[in-house]
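The values are calculated or read from the model by the stated rules, or taken from the named source; none is laboratory data. The shown structure was predicted, so the numbers you read here are calculated from the model rather than taken from an experiment. Cβ sites come from the backbone with ideal geometry, for glycine too, and all protein chains shown count toward neighbours. Please note that ligands, DNA and RNA were not included when accessible areas were found on the heavy atoms of the full protein model with its side chains. Shrake-Rupley method; radii C 1.70, N 1.55, O 1.52, S 1.80 Å.
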Amino acid sequence: MTDQPTSAGPGSALLGPADVRRLAAELDVRPTKKLGQNFVHDPNTVRRIVASAGLAESDVVLEVGPGLGSLTLALLPACRAVVAVEIDPVLAARLPRTVGERAPGLADRLTVVGADAMRISAEQLRVAGPPPTALVANLPYNVAVPVVLHLLAELPSLAHGLVMVQAEVADRMAAGPGNKVYGVPSVKAAWFAEMRRAGTVPRSVFWPVPNVDSALVAFTRRPAPADVDRGAVFAVVDAAFAQRRKTLRAALAGWAGSPAEAERVLAAAGVPATARGEQLSVADFARIAQAATP
């Protein structure tokens, strides 16, 4: 590991530990738990993330929470453009200057949008340029799952991506039916895409050092499993896992109106009434929602 500028490709110099601390001091930025801020300061790690993301030169990358720009600088040489969504106005204002200083030949590929990724709309991003095709981000750990689900729902153009999240969240996002950590995040993520764990990230590459382990999750979008309203399917999922120890007949009684009606819908969907939510795939939940649709 070096504190000297490190090349990420033609015209791009990555941030090392001293660079990150200097920028933070200049901006009087103190990473906060509220915003889930842990800045990556290891050039090899951001290179690995970009390589694992499988980007094409034509990709428009959406980066959430670019912070001081460590990952941004590594992304710029690997794609057509980067749209960075940053909620912190101080960081958002500094990022173009950082890129201009360290990767002047690539500065025209960057657009910074000051917004909350949890609430950003496709319309807000439309003014930034072409629709994003890939999501690559070191996500704030306290909102990682809702951010991914919101962006996949809001931006159909997102075809693939790679996100860094808390290790246990990565396990849940990528889990399949029958896995002990399979639950609501697993099913809802599977509605949009095939999710897989893509490696771990050591704590030592962050400043400040987090008290949790980190991991990478890669995804590839796929068609929805059924021609049924997503909200209707997610309502079944929420009901099934709200009482995950109960059989579906009991867990879905409130959602369906009665245990008998839940049993009728389950039978119509071809799902055993004695099954439990953790045994069902997203396609199973979609069939249940379809069977309940008048």
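For segment 192-273, the percent of C-alpha pairs falling in each 10 Å distance bin, counted from 0 to the bin holding the largest distance, reads 15, 29, 23, 21, 10, 2. Separation of segment 62-140 and segment 206-285, taken as the distance between their Cα centroids, equals 34 angstrom.
Equivalent ellipsoid of segment 162-222: semi-axes from √(5λ) of the C-alpha gyration tensor, largest first, are 23, 12, 8 Å.
Angle of helix 259-269 to the longest C-alpha principal axis of the chain, folded into 0 to 90 degrees and rounded to 10: 70°.
Using the alpha-carbon atoms, what tilt in degrees (0 to 90, nearest 10) does helix 17-27 show relative to the longest principal axis of the chain? The angle comes out at about 90 degrees. R0 = 22 Å: FRET efficiency of Ala235 with Asp116, Cβ-based, nearest 0.05? Given R0 = 22 Å and the Cβ-Cβ separation, E is 0.30. Our helix-only sum for the chain, with -39,500 (n - 2.57) per DSSP H run of n ≥ 4 divided by its residues, gives a mean residue ellipticity at 222 nm of -11000 deg cm²/dmol.
Looking at segment 197-294, the trypsin sites (Lys or Arg not before Pro) that sit in a DSSP loop and have at most 15 other Cβ atoms within 10 Å of their own Cβ are Arg244, Arg245, Lys246.
Expressed in Å, the radius of gyration and Dmax of the Cα atoms of segment 142-294 are 16.7, 55. For segment 62-182, the Kirkwood estimate of the hydrodynamic radius, built from every pair of different alpha carbons, is 14.9 Å. When the accessible area of segment 189-228 is split by element with a 1.4 Å probe, what percent falls to carbon and sulfur? Ligands and nucleic acids excluded, carbon and sulfur give 50 percent.
Using a probe radius of 1.4 angstrom, the carbon and sulfur fraction of the accessible surface of segment 81-139 is 57%. Counting Lys and Arg as +1 and Asp and Glu as -1, what is the net charge of the other residues whose Cβ lies under 10 Å from the Cβ of Gly183? Cβ neighbours under 10 Å give a net charge of +3. Probing with 1.4 Å while keeping every protein chain in the model, the per residue accessible area of the chain equals 43 Å². For the chain, modelled as a GNM whose springs connect Cα atoms under 10 angstrom apart, the maximal fluctuation among Gly129, Gly67, Gly161 occurs at Gly129. Identify which of Val50, Val271, Val148 has the largest mean-square fluctuation in a Gaussian network model of the chain, with springs joining Cα atoms closer than 10 Å. Comparing Val50, Val271, Val148 in the GNM, the peak value goes to Val271. A P(r) calculated from all alpha carbon pairs of the chain, with 10 Å bins opening at zero, reads 6, 28, 30, 19, 11, 5, 1 percent.
Between the helical axis of 43-52 and the longest alpha-carbon principal axis of the chain there is an angle of about 40 degrees. Computed over the chain with a Gaussian network model linking Cα atoms closer than 10 Å, the most mobile of Met195, Met173, Met118 is Met118.
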